[in-house]
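Structure first, then comments.
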Amino acid sequence: MINIIFLVLAFVLSAVLGKLMIPVLTKLKVGQNIRYDGPRSHMRKQGTPTMGGVMIIIALLVMVVISSFVIKDSANIKGFLAIAIASIGFGIIGFIDDFKKIVLKNTEGLSPKLKMFGLLLVSVAYTFFLLKVLNIETTTIIPFINYELNMPLWVYVCFTVLVMLSTTNAVNLTDGVDGLAGSVTTIISIAIGIIAYRLGNPEVTMFASILTGSIFGFLIYNFYKAKVMMGDTGSLFIGGALATMLIYLKMPIWLIIIAIIPVIEAISDILQVIYFRLTNGKRLFKMAPLHHHFELSGWRENKVVAVFSFITLVFCIIGVAII
């Protein structure tokens, strides 16, 4: 019950922050830059306030501070705060990138190398905190057979870092249609909360509840036609949060199931680049990531969000059922 209360409180706080922040972002002309090679329908979004991920992070941060008094076990509170700090760390990398691109008018933002270095730094720090401070074993659970695979230390570190880097970038790629990334990750976050609850893990259950409420509060302004975009601030933060929670639960491989849409979006982008290079400029999809392919095939944004969210829901039910 307490988790539902915090979910609702996070939702209300995020929604109120949106009401306050969107006019400010509009006045400051913190507007979205649209790719000219993208779907033409997206040109209307030029200038839509972005960096809305800040409201998600602030709502979550406030609720994390309040809820930390509810979690009484010292080991649990350390894990809870580690997940929160690492997630916010990913969000800060996104914020710096957004700030350079939108406020400082540096169209390239952070260089890919600097962005990857920042994400790598947060990923490595979080992994070593789990290993050295929380003394978490270097194991991960294999889905369906529920077998705990014990990894050598260096393999585990490389694996968890790869999971975090992949997930942050996958969610970032998914954020290309009004309401898509928010809808999909809200469902994923709910699934992680249910999984954590079934496993008797109060800290992840609480964090997932707060994350769900915070994203959902943002979503009421991000559904088609969006009044605000989350930007890299939001997508890297949310991607990091999903990855850190499942790594903490020793279940990062579950991302392949419950985060099926971000996974497919990332794969479609990779395949497009490989095919383009191998065929001297031909395209496998009309445009990547995959949601743009369907848009250019005649799907409206609402249909893309509805179908992708339904697929996510089905796979999340599977992911919860196989615990």
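Just checking, does segment 301-308 include any residue being acidic (Asp, Glu) and either in contact with a Ser or Thr (Cβ under 7 Å, 6 or more places away or on another chain) or under 30 Å from residue 126 (Cβ atoms) (or both)? No, segment 301-308 contains no residue that is acidic (Asp, Glu) and either in contact with a Ser or Thr (Cβ under 7 Å, 6 or more places away or on another chain) or under 30 Å from residue 126 (Cβ atoms) (or both). Candidates 101, 115: the one that is touching a helix residue (DSSP H, G or I) at 6+ places or on another chain (Cβ under 8 Å) and basic (Lys, Arg) is 115. Selection of segment 103-130 for residues being part of a helix (DSSP H, G or I), more than 19 Å from the chain's Cα centre (by Cα) and farther than 18 Å from residue 49 by Cβ yields 113, 114, 128, 129, 130. Just so you know, in segment 186-200 the residues that are more than 14 Å from residue 321 (Cα to Cα) and free of Cβ contacts under 8 Å to residues at least 60 places away in the same chain include one that is surrounded by the most Cβ atoms within 10 Å (Cβ to Cβ), and it is 189. The condition of being within 22 Å of residue 122 (Cα to Cα) and of a type in the set (Asp, Glu) does not hold for residue 265.
Restricting to segment 258-275, what's the tally of residues that are buried (at least 20 other Cβ atoms within 10 Å of the Cβ) and under 18 Å from residue 241 (Cα atoms)? Total meeting the criteria: 6. Selection within segment 58-102: residues that are over 18 Å from the mean Cα position of the chain (by Cα) and among the aromatic types (Phe, Trp, Tyr). The member of this set that is nearest to residue 245 (Cα to Cα) is 69.
Applying a threshold of 6 Å to beta carbon distances and a minimum spacing of six or more residues, or different chains, the list of pairs starting in segment 2-31 at a residue that is modelled with pLDDT under 95 and ending at one that is not in a helix (DSSP H, G or I) reads 22/49; 22/227; 22/228; 25/49; 26/49; 30/49; 30/51; 31/47. Those helices (runs of 4 or more DSSP H) of segment 228-323 in which 3 or more residues are modelled with pLDDT of 95 or more occupy 231-248, 255-258, 260-278, 301-321. Taken together, the residues in segment 171-218 that are under 21 Å from residue 303 (Cα atoms) and part of a helix (DSSP H, G or I) amount to 16.
Per-residue answers, yes or no, for (1) under 25 Å from residue 67 (Cβ atoms); (2) modelled with pLDDT of 95 or more:
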residue	(1), (2)
171	yes, yes
177	no, no
181	yes, yes
184	yes, yes
189	yes, yes
196	yes, yes
200	yes, no
205	yes, yes
211	yes, yes
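Evaluated against (1) in contact with a Lys or Arg (Cβ under 8 Å, 6 or more places away or on another chain); (2) surrounded by fewer than 22 Cβ atoms within 10 Å (Cβ to Cβ); (3) not charged (D, E, K, R), residue 292 falls short on exactly one condition, (2).
Of all residues in segment 32-41, those satisfying the criterion of being more than 22 Å from the chain's Cα centre (by Cα) and either modelled with pLDDT of 70 or more or of a type outside the set (Phe, Trp, Tyr) (or both) are 37, 38, 39, 40, 41. Among the residues of segment 290-323, those that are touching a residue at least 40 places away in the same chain (Cβ under 8 Å), among the aliphatic types (A, V, I, L, M) and more than 15 Å from residue 257 (Cβ to Cβ) comprise 296, 304, 305. Residues of segment 116-164 that are aromatic (Phe, Trp, Tyr) and in contact (Cβ under 8 Å) with a residue 12 or more places away in the chain: 126, 128, 129, 144, 156, 159.
The values are calculated or read from the model by the stated rules, or taken from the named source; none is laboratory data. Please read all numbers here as calculations on a predicted model, not as lab measurements. Ideal geometry is used to build each Cβ from the backbone, glycine not excepted, and the neighbour counts take in all protein chains shown.
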